[in-house]
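Structure first, commentary second.
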Amino acid sequence: IRVMEESERRNFLARASVRTHDTLGELARSFNRLLERITTLDAFKLDSEQELQMVRQELRLQEKLREKTEIIEETNRNLEKRLKELSLINEFSQELVSTLEPEELYRILDEFLSQRLKFAEFALLVPEEGEEAAVVQISRGFADSSRIRGMVFQKGEGITGQVLLSKKPVYVRDTRQEPRYLYYKGEKREDGSFLSLPLLFKEKIVGILNFTRPGTDSFSTQEVQFLTTIAVQAAMALVNAKLYS
């Protein structure tokens, strides 16, 4: 009875005294064997709990390692992308300085944007004297590009005219929601995203780059930043060509 009470308090190492071979002695031996089995199971349970804790800790460490690996891989991808962008900017700059002829400059810009950067729809506008209007000099990706080239946007007319007036970029995520978007005066009916970047040199606007792309919010923040850098390079080249001419 004393050993049974101790085992109820989880003292499984207690054992009953076996002094006789009668029924009471046999009962004591059976109870001792039962306690041995319980002791073994309890020890196994402790080992299992420890192993379980170790496995859980290892899983937590693996999860942290996986998160760190993903961060490193994402950082590497961003660095590779940035390196590619810097390489493209360098190539673009080298090509731009190879000529001072405006028409040749337009051709280089057209080929770089369409072939190297894979933009399907864009236009370059150059302000007239006095900056009261801008004229399309390059058009790519339109149903009839010949009808776009030479098109004039007055200051304040549509998004392009607004950029000419404010000298600040405008990004329209959905042209359906922007009443100022003129669809190139009806020559382009498809909706999508529209990005208009001023080409500035010493606070003076020397050109405007317009990009259109199907879908809503199709230009990422990183892409806009990259194109802004391209716009800076193009602005310097346009100024040099104008001075030369």
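Going residue by residue through the range 153-167, is there one that turns out to be of a type in the set (K, R), within 25 Å of Q222 (Cα to Cα) and surrounded by 14 or more Cβ atoms within 10 Å (Cβ to Cβ)? Yes, the range 153-167 contains a residue that is of a type in the set (K, R), within 25 Å of Q222 (Cα to Cα) and surrounded by 14 or more Cβ atoms within 10 Å (Cβ to Cβ).
Among the conditions (1) surrounded by 14 or more Cβ atoms within 10 Å (Cβ to Cβ); (2) closer than 27 Å to Q115 by Cα, the only one that G150 does not satisfy is (1).
Can you find a residue that is open to solvent by less than 80 Å² (accessible area, probe 1.4 Å), more than 30 Å from E223 (Cα to Cα) and out of contact with any Pro (no Cβ under 7 Å at 6 or more places or on another chain) anywhere in the range 51-65? Please lay out each step first, then the result.
To start, the set of residues in the range 51-65 that are open to solvent by less than 80 Å² (accessible area, probe 1.4 Å) comprises 55, 63.
Filter once more, keeping what is more than 30 Å from E223 (Cα to Cα): 55, 63.
Subset that is out of contact with any Pro (no Cβ under 7 Å at 6 or more places or on another chain): 55, 63.
Checked against the condition, which is being open to solvent by less than 80 Å² (accessible area, probe 1.4 Å), more than 30 Å from E223 (Cα to Cα) and out of contact with any Pro (no Cβ under 7 Å at 6 or more places or on another chain), the range 51-65 yields at least one hit.
Can I208 be described as touching a Phe, Trp or Tyr at 6+ places or on another chain (Cβ under 8 Å) and at pLDDT 95 or above? No: the conditions fail for I208.
Does K155 satisfy the condition of being touching a Gly at 6+ places or on another chain (Cβ under 9 Å), over 16 Å from F122 (Cα atoms) and free of Cβ contacts under 8 Å to residues at least 40 places away in the same chain?
Details: touching a Gly at 6+ places or on another chain (Cβ under 9 Å): yes; over 16 Å from F122 (Cα atoms): yes; free of Cβ contacts under 8 Å to residues at least 40 places away in the same chain: yes.
When the stated conditions are applied, K155 passes them.
Of all the numbered requirements in (1) touching a Leu at 6+ places or on another chain (Cβ under 8 Å); (2) open to solvent by 40 Å² or more (accessible area, probe 1.4 Å), K118 misses one, and that requirement is (1).
Considering only the range 150-245, give the strands (runs of 3 or more DSSP E) lying wholly within it that have at least 2 residues that are touching a helix residue (DSSP H, G or I) at 6+ places or on another chain (Cβ under 6 Å) and not hydroxyl-bearing (S, T, Y). If you could, list the steps in order and put the result at the bottom.
Working: elements: 152-154, 170-172, 193-201, 204-213.
Of the strands (runs of 3 or more DSSP E) lying wholly inside the range 150-245, those with at least 2 residues that are touching a helix residue (DSSP H, G or I) at 6+ places or on another chain (Cβ under 6 Å) and not hydroxyl-bearing (S, T, Y) span 152-154, 193-201, 204-213.
For the range 121-147, which residues satisfy the criterion of being hydrophobic (A, V, I, L, M, F, W, C) and open to solvent by 70 Å² or more (accessible area, probe 1.4 Å)? I'd like the intermediate steps shown before the answer.
Initially, the range 121-147 is screened for residues hydrophobic (A, V, I, L, M, F, W, C), giving 122-126, 133-136, 138, 142-143.
The one that is hydrophobic (A, V, I, L, M, F, W, C) and open to solvent by 70 Å² or more (accessible area, probe 1.4 Å): A143.
So, in the range 115-149, exactly how many residues are assigned to a loop (DSSP other than H, G, I, E, B) and over 28 Å from the mean Cα position of the chain (by Cα)?
Our first condition is that a residue be assigned to a loop (DSSP other than H, G, I, E, B); within the range 115-149, this holds for 117-120, 128-132, 141-144, 149.
So of that shortlist, the ones also over 28 Å from the mean Cα position of the chain (by Cα) come out as 128-132, 142-144, 149.
So the count comes out to 9.
Using the structure shown, decide if G161 is touching a Pro at 6+ places or on another chain (Cβ under 6 Å), without any contact (Cβ under 8 Å) to a residue 60 or more places away in the chain and over 25 Å from Q94 (Cβ atoms). Even if it seems obvious, please write down each step before you answer.
Values: touching a Pro at 6+ places or on another chain (Cβ under 6 Å): no; without any contact (Cβ under 8 Å) to a residue 60 or more places away in the chain: yes; over 25 Å from Q94 (Cβ atoms): yes.
Taking the combined requirement at face value, the residue does not satisfy it.
Summed over the range 164-183, the residues that are more than 12 Å from S196 (Cβ to Cβ) and of a type in the set (S, T, Y) give a count of 1. Close Cβ contacts (under 6 Å, 6 or more residues apart or on different chains) running from residues in the range 17-30 that are over 17 Å from E6 (Cα atoms) to residues that are in a loop (DSSP other than H, G, I, E, B) and not small (G, A, S) comprise G25/V18.
Residue count for the range 88-108 satisfying the condition of being open to solvent by less than 90 Å² (accessible area, probe 1.4 Å) and of a type in the set (D, E): 3. So which residues in the range 80-105 are without any contact (Cβ under 8 Å) to a residue 40 or more places away in the chain, in a helix (DSSP H, G or I) and polar (S, T, N, Q), if there are any at all? Answer for the range 80-105, where residues must be without any contact (Cβ under 8 Å) to a residue 40 or more places away in the chain, in a helix (DSSP H, G or I) and polar (S, T, N, Q): S87, N90, Q94. Taking the range 106-119 as the range and being over 30 Å from S245 (Cβ atoms) and in contact (Cβ under 8 Å) with a residue 12 or more places away in the chain as the test, no residue passes.
The values are calculated or read from the model by the stated rules, or taken from the named source; none is laboratory data. Given the structure is predicted, the values throughout are model-derived calculations rather than measurements. For neighbour counting, all protein chains shown are included, and Cβ atoms are generated from backbone atoms with ideal geometry for every residue, glycine included. Side chains included, ligands, DNA and RNA excluded: accessible areas come from the protein's heavy atoms. Shrake-Rupley method; radii C 1.70, N 1.55, O 1.52, S 1.80 Å.
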